Amino acid sequence: MRWEDGRRSDNVEDRRGQATGMGAAGAAPLLLRFLPAMIRSKTGRIILVVGVLAIFGGKLLGIDVLSMFLGGGGVTSPAQQSREFSQQEQRLAEFVSVVLADTEDTWGRIFQSQGATYRDPTLVLFTGRVNSACGLATSAVGPFYCPADQKLYIDLAFFHDLKVRHGAPGDFAQAYVVAHEVGHHVQTLLGISQRVQAAGRGKSKAAVNALSVQQELQADCLAGVWGHAANTERQLLDPGDLEEALRAATAIGDDRLQSEAGGMVVPDSFTHGTSAQRVTWFRRGFESGDFDACDTFGSAI
């Protein structure tokens, strides 16, 4: 993929190397829950007094004791704040910034052609775990989009797993992952995500999963729509790039992942679609470049 000369996005928030905890806002409900019991207990009252004295004493010394205790969701030491990233890490961060910028250009144009305005999402880079408006998440969940704050979250270590664990190397495979999460942002801006959530209320787990599959496959198709524009309008793709994305789509199909985990393949538990479905819908968006081709809710999937 020819990305080096591409525009870098201004909407990247780099939280790599930051230690993330519950934070004061997240801990407040727990503290309030146990406060009455602590007040009734002599030991609890002593702990509260010591805690208050420590907080005020820390303030006098310029130390945020509360943030240190709770994790704070931010940088906890100068060493973390100043950690040097390898050339490879920095190159990968630049790469996703260029991909994000290219999705901004593509979706900005598409929305404008429909008389609408596209609002750029923010891409958050993190290490290990991260706080979002959707809650605390670890790298184990993989890249995700939070509609509550309209941000994409990616631990770049996922791309190593994609290559080594899932057998899907290549820069366009990585770009597909970013574009898929941007697809969820497009769904949020258009109200699709909200309608899916409303449609799932009161339904069985299997029915909710089926809605999730439709939504995820549409995000795959929207990623393909971006890929079409990147290829035909800006000639960013190299020979073999499409195959990289298709291998990635195959590698993270629900049936493939369940099979690799050694368990039974249970279609009712699928939330993203089979490998074949993910390939089909990404290819449909890529070949057509047409948003209207991505109606997974009105088509047999």
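The values are calculated or read from the model by the stated rules, or taken from the named source; none is laboratory data. Worth saying up front: this structure is predicted, and the values here are computed from it rather than measured. Positions of Cβ are backbone-derived with ideal geometry, glycine not excepted, and every protein chain shown enters the neighbour counts.
Tabulated values for the structure
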read-out: Of all residues in the range 179-191 being in contact (Cβ under 8 Å) with a residue 40 or more places away in the chain and among the aliphatic types (A, V, I, L, M), the one that is surrounded by the most Cβ atoms within 10 Å (Cβ to Cβ); value: ALA179
read-out: Considering residues of the range 152-178 that are under 23 Å from THR138 (Cβ atoms), in contact (Cβ under 8 Å) with a residue 60 or more places away in the chain and among the aliphatic types (A, V, I, L, M) only, the residue surrounded by the fewest Cβ atoms within 10 Å (Cβ to Cβ); value: LEU156
read-out: Filtered residue count, the range 150-196, keeping only those that are among the hydroxyl-bearing types (Ser, Thr, Tyr) and more than 18 Å from LEU217 (Cβ to Cβ); value: 1
read-out: Qualifying residue in the range 217-229 (condition: assigned by TED's automatic domain parsing to the domain that holds GLU287, surrounded by fewer than 21 Cβ atoms within 10 Å (Cβ to Cβ) and β-branched (Val, Ile, Thr)); value: no
read-out: The one condition in (1) crowded, with 18+ Cβ neighbours inside 10 Å; (2) over 21 Å from the mean Cα position of the chain (by Cα); (3) more than 20 Å from VAL213 (Cα to Cα); (4) not small (Gly, Ala, Ser) that PHE286 fails to fulfil; value: (3)
read-out: Some residue of the range 74-91 being more than 28 Å from TRP3 (Cα to Cα), modelled with pLDDT under 95, surrounded by 15 or more Cβ atoms within 10 Å (Cβ to Cβ) and among the hydroxyl-bearing types (Ser, Thr, Tyr); value: yes
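Conditions (1) farther than 26 Å from LEU257 by Cβ; (2) at pLDDT below 95; (3) not assigned by TED's automatic domain parsing to the domain that holds THR250, marked per residue:
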site: GLU104; (1), (2), (3): yes, no, no
site: THR117; (1), (2), (3): yes, no, no
site: ASN131; (1), (2), (3): yes, no, no
site: LEU136; (1), (2), (3): no, no, no
site: VAL141; (1), (2), (3): no, yes, no
site: PRO147; (1), (2), (3): no, no, no
site: ALA173; (1), (2), (3): no, no, no
